[in-house]
């Protein structure tokens, strides 16, 4: 009996018969997922998480630490290259978290969701540090103690911010009041508003604090003029300014009251 072309099994077909057995051809075997090359990145996320849980973050390179963080913003994509790109774009790991939200959104691969999560970390760290200090009911009778407290408030802040700290007679914290943002000579400060807020706390000691983004804690000429004018204005309504502390990076600080050159303006 002749076999027509329609019935012929050719070499391109994916199976043929041997007796009563149907055997997969080599072509179909190669398409089996079990025969595909292994994904070298499989399990990478879990390995990083396990490494962090068991050993902490100290052994991580900066890009690996950022990669681990990004897992929670971008669940279904390899983010290793993105972590490298972010650090290269902004210069360092800390600079990534200090970057403006708008600038983060300009980086390819960073969505508004991812940018908001990145900005949440330093804000949450500040809240964490403030919560630890408040829970201790600490006594702020030395500039270094004020500096330790304020280092948490200034964590991740990349602009100048001006505060007054209100203390009771035993130097317990009553209230930390943010006056404004910008250089001290350019912050719009209402002496009346300061006085009203201080009076509402019944503070005995009032300390002025602001930060220098440059990290240099030495007071500028504008800092000196501002402090002198503020002391005079507050003295007129019975409020004593005890010190003006300038914060640098971390817990670095300069106490104007302890300074031999400027301490006299607080007398």
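The values are calculated or read from the model by the stated rules, or taken from the named source; none is laboratory data. Source: prediction; values computed, not measured. In this analysis, Cβ positions are derived from the backbone assuming ideal geometry, glycine residues included, and neighbour counts consider all displayed protein chains.
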Note to self: Given the criterion surrounded by 15 or more Cβ atoms within 10 Å (Cβ to Cβ), in contact with a strand residue (DSSP E or B) (Cβ under 8 Å, 6 or more places away or on another chain) and outside any loop (DSSP other than H, G, I, E, B), identify the matching residue among 164, 157.
What the structure shows: 164
Next item on the list: For residue 133, work out the one condition from (1) more than 19 Å from residue 231 (Cβ to Cβ); (2) modelled with pLDDT of 90 or more; (3) surrounded by 13 or more Cβ atoms within 10 Å (Cβ to Cβ) it doesn't fulfil.
Entry: (2)
Note to self: part of a helix (DSSP H, G or I) and crowded, with 20+ Cβ neighbours inside 10 Å: is that true of residue 198 in this structure?
What the structure shows: yes
Margin query: Go through (1) at pLDDT 95 or above; (2) surrounded by fewer than 17 Cβ atoms within 10 Å (Cβ to Cβ) for residue 220 and report which single condition fails.
Written below: (1)
Note to self: Being under 21 Å from residue 251 (Cβ atoms) and either in contact with a strand residue (DSSP E or B) (Cβ under 6 Å, 6 or more places away or on another chain) or not assigned by TED's automatic domain parsing to the domain that holds residue 260 (or both): is that true of residue 209 here?
What the structure shows: yes
Notebook entry, point to check: Restricting attention to segment 150-167, which residues are over 21 Å from residue 223 (Cα atoms) and at pLDDT 90 or above?
Noted result: 167
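Whether any residue in segment 121-131 is under 13 Å from the mean Cα position of the chain (by Cα) and either under 22 Å from residue 200 (Cβ atoms) or in the same structural domain as residue 251 (by TED's automatic domain parsing) (or both) is what I want to check.
Within segment 121-131, none of the residues are under 13 Å from the mean Cα position of the chain (by Cα) and either under 22 Å from residue 200 (Cβ atoms) or in the same structural domain as residue 251 (by TED's automatic domain parsing) (or both).
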Next item on the list: Working only within segment 83-117, note down all residues that are assigned to a helix (DSSP H, G or I) and under 21 Å from residue 250 (Cβ atoms).
Entry: 87, 90, 93, 94, 95, 96, 97, 98
Next item on the list: Assess whether residue 245 counts as being crowded, with 17+ Cβ neighbours inside 10 Å and assigned to a strand (DSSP E or B).
Entry: yes
Check: Can you pull out the residues in segment 248-267 that are over 20 Å from residue 171 (Cα atoms) and in contact with a helix residue (DSSP H, G or I) (Cβ under 8 Å, 6 or more places away or on another chain)?
Finding: 250, 252, 262, 265
Margin query: Going residue by residue through segment 38-46, is there one that turns out to be modelled with pLDDT under 90 and within 24 Å of the chain's Cα centre (by Cα)?
Written below: yes
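Can you tell me how many residues in segment 168-188 are within 19 Å of residue 153 (Cβ to Cβ) and modelled with pLDDT under 70?
Number of matching residues: 3.
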